Amino acid sequence: MIKRIITLLILTVIICSGCGKKDEVPANDLNTIITRGELIVGVKTDAYPFGFYDKKGHISGYDVSLARLIARGILGNDKKVRFVPVTSSERMMKLYSGEVDMIIATMSVTPKRQEILDFSNSYYTAGQALLVKKGSDITSLKDLNGKRAIIVFGSTSEKSLRSAVSNVGIRGYKTYPAAYKALKEGKADAIVGDDTILMGFSLQDNDVVLLPKRYSREPYAVALRKGRESRDLIKAINTVINVETRNGHLKQIQESFGIK
Ligand code: GLU
């Protein structure tokens, strides 16, 4: 996966330098954003309560609120932010193609990802868990041996499931609602994913259960294109995260979305 992404990045650089329109991929720096007067952020729309469409059709969620706080910190106005929907599998591509300045999309910091992305401080920690149908005989990851499990493409659970359970049939989906639908339709025995995202389904549906065990630590952070020029931007983002953590505002936002 990582090799594929690196190849893609190299191709992107080659294409951009070949067409002579290098400045189409915006620089990572703070000044570019300040001059533009707008922050462009990749967020989820399939990961309630971090990024989703609310009843009025507006993008909402904890990640979305954090993006607004960053816009306020950098541009003095929390409305100066444009949201671009991203999925787990396409988020890095949208970042590297220059479509967005940053990703705030339930994205965990991992050593592999750190090789190709710059990350802010972490603003939340999730953990991988299993979502099963009520009455299922699956009680832990190892019960998935010889069974089928669902993952979302591009998520950390895609990789961890393959290494944790040798004999599991894996079904991949592009979005979390599609994964949930597949579980409900009996296409597999469990979804492996972040507890907070899976909890969104178990809260709305008594026929599915989020199992209590956690299998990983998933520190969520803001992701940027890797490069020296992202330093000032990361500093500005970290200042917002640190201030809003200390003053209890981030905690308050989490609680307003039912996140613990
Ligand atoms: N936090 C995990 C990840 O970054 C899973 C959530 C997601 O698919 O975004 O891959």
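Here, each number is a calculation from the coordinates, and none is a lab measurement. Since the structure is predicted, the reported quantities are computational estimates derived from the model, not experimental observations. Here the Cβ is made from the backbone with ideal geometry for all residues, glycine too, and neighbour counts use every protein chain on show.
By the count of other C-beta atoms within 10 Å, a proxy for reagent exposure, Y176, Y215 are ordered fewest to most as Y215, Y176. Any lysines with Cα under 19 Å of the K213 Cα? List them, leaving off those in the same chain fewer than 8 positions away. Within the straight-line limit of under 19 Å, K213 reaches these lysines: K133, K134, K142, K147, K159, K260.
In terms of surrounding Cβ atoms within a 10 Å radius of their Cβ, K94, K174 rank from fewest to most as K174, K94. Calculated from the alpha-carbon coordinates, region 85-169 shows an Rg and a Dmax of 15.4, 46 Å respectively.
Out of all DSSP beta bridges with both ends in the chain, state the antiparallel percent to the nearest 5.
60
Which of the aspartates and glutamates could a cross-linker span from K174 if the Cα-Cα distance has to be under 16 Å and same-chain partners fewer than 8 positions apart are dropped? K174 reaches D46, E90, E158, D194. Normalised by 2.2 N^0.38 Å, where N is the number of residues, the C-alpha radius of gyration of the chain stands at 1.03. Taking every alpha-carbon pair under 8 Å whose residues sit at least 6 apart, the chain reaches a relative contact order of 25 percent.
Rounded to the nearest Hz, the phi-derived 3J(HN,Hα) couplings of region 181-191 under the Karplus curve 6.51 cos²θ - 1.76 cosθ + 1.60 (θ = phi - 60°) are 4, 5, 5, 4, 7, x, 6, 7, 8, 7, 9, where x marks glycine and proline. Its residue count N sets the reference 2.2 N^0.38 Å, and the alpha-carbon radius of gyration of region 158-260 equals 1.39 times that reference. According to the calculation over all Cα-Cα pairs in region 21-149, the P(r) per 10 Å bin from zero is 11, 35, 32, 14, 7, 2 %.
Over the Cα atoms of region 26-90, what is the Rg over Rh ratio if Rh follows Kirkwood?
1.00
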